[in-house]
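Working notes for the structure below.
The values are calculated or read from the model by the stated rules, or taken from the named source; none is laboratory data. Model, not experiment: these values are computed from the prediction. Virtual Cβ from ideal backbone geometry, glycine too; neighbours counted across all protein chains shown.
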Amino acid sequence: MTGPTRPPTPPATTPGSARPVAGVLLTPGAGASRDHRSLVAVEEALASLPEPVPVRRVDFPYRLAGRRMPDRPPVAVAHVREQAEDLAAELGTTTDRLVLGGRSYGGRMCSMAVAEELPAAGLVLISYPLHPPGKPDRLRVEHLPDVRVPTLVVQGRTDPFATPAELTEHLAALPGPVTRVELPGAHDLKGQDAAVCDALVAWLGGLGAPGAG
């Protein structure tokens with residue numbers, strides 16, 4: 001696991017709050033649901049901490065409606081905002097104490113929500129799709145300079161959606177602190193769920209999540 005590429009900054013807090021991260025919102029890739037094995041594994045890992053971190057796994061509107069075509073970003077980003085605000089209210093806090101993120105499309109939609117000024121304690125991008133496979137000219141990076149929160153990026157070394165060199169180049173646009181973790185494998189990170197969970201728990205520990213680190 002590689003360390004932060006920039007000096008860490010203090011996590012978002014609420015006056016009088018006991019812990020910076022109150023909960024985690026997770027979203028799936030375009031071809032999966034909230035029950036994707038990686039998301040379930042993360043929820044189980046965070047639930048097993050000495051002080052469990054609440055997790056909400058959510059589907060996007062297109063899947064809830066039984067459609068296969070992913071929602072356009074305005075719809076998906078609005079859904080992320082709605083779910084984050086609902087989770088924060090359920091936990092009796094504000095969205096700046098939530099970590100948002102997910103796999104592939106889901107992580108990208110969360111990053112766009114944060115870029116559009118949805119307050120968050122941090123962002124988790126698992127298998128981030130910088131571009132479609134075989135189409136490196138079709139980049140999805142315009143919003144990255146507006147992502148100002150601590151960000152964890154977990155990526156397979158042979159992921160056709162983003163090579164290590166491409167990530168190095170384009171993640172440099174993020175003004176917030178970035179932690180990168182490279183794992184064996186491609187976009188699906190098959191067999192790497194435990195490593196993904198370890199990376200997330202360690203990173204949350206740096207944000208001050210209870211029991212993590």
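Which of the residues belonging to the stretch 89-120 are small (Gly, Ala, Ser), closer than 23 Å to Leu46 by Cα and surrounded by fewer than 20 Cβ atoms within 10 Å (Cβ to Cβ)?
Selection gives Ala89, Gly92.
Cβ-Cβ below 6 Å, separation at least six or inter-chain, first residue in the stretch 170-183 and farther than 10 Å from Ala199 by Cα, second polar (S, T, N, Q) and at pLDDT below 95: which pairs?
If the second residue must be polar (S, T, N, Q) and at pLDDT below 95, the pairs left are Pro177/Thr9; Val178/Thr5.
What residue, among those in the stretch 1-41 that are among the charged types (D, E, K, R) and modelled with pLDDT of 60 or more, is nearest to Val53 (Cα to Cα)?
Residues of the stretch 1-41 that are among the charged types (D, E, K, R), as a first pass: 6, 19, 34-35, 37.
This time we only want the ones that are modelled with pLDDT of 60 or more, so: 19, 34-35, 37.
Values: Arg19: 10, Arg34: 18, Asp35: 18, Arg37: 18 Å.
Once the filter is applied, the top-ranked residue is Arg19.
Is it the case that Arg138 is assigned to a loop (DSSP other than H, G, I, E, B) and basic (Lys, Arg)?
Values: assigned to a loop (DSSP other than H, G, I, E, B): yes; basic (Lys, Arg): yes.
It is true that Arg138 is assigned to a loop (DSSP other than H, G, I, E, B) and basic (Lys, Arg).
If you scan the stretch 109-135, which residues turn out to be on the phi > 0 side of the Ramachandran plot and either of a type in the set (S, T, N, Q) or in a helix (DSSP H, G or I) (or both)?
Within the stretch 109-135, Ser127 is the sole residue that qualifies.
Would you mind finding the one in Ala162, Ala199, Ala173 that is aliphatic (A, V, I, L, M) and surrounded by fewer than 21 Cβ atoms within 10 Å (Cβ to Cβ)? Reasoning before the result, please.
Details: Ala162 fails: surrounded by fewer than 21 Cβ atoms within 10 Å (Cβ to Cβ); Ala199 fails: surrounded by fewer than 21 Cβ atoms within 10 Å (Cβ to Cβ).
Going through Ala162, Ala199, Ala173 in turn, just one is aliphatic (A, V, I, L, M) and surrounded by fewer than 21 Cβ atoms within 10 Å (Cβ to Cβ): Ala173.
Specify which of the listed residues (Asp198, Asp159) is outside any helix (DSSP H, G or I) and among the acidic types (Asp, Glu). Lay out the reasoning, then the answer.
Working: Asp198 fails: outside any helix (DSSP H, G or I).
Every option except Asp159 fails the conditions.
I need the helices (runs of 4 or more DSSP H) fully contained in the stretch 16-108, keeping only those with at least 2 residues that are under 16 Å from the mean Cα position of the chain (by Cα).
Details: elements: 37-47, 61-64, 73-90.
The helices (runs of 4 or more DSSP H) meeting that bar are 37-47, 73-90.
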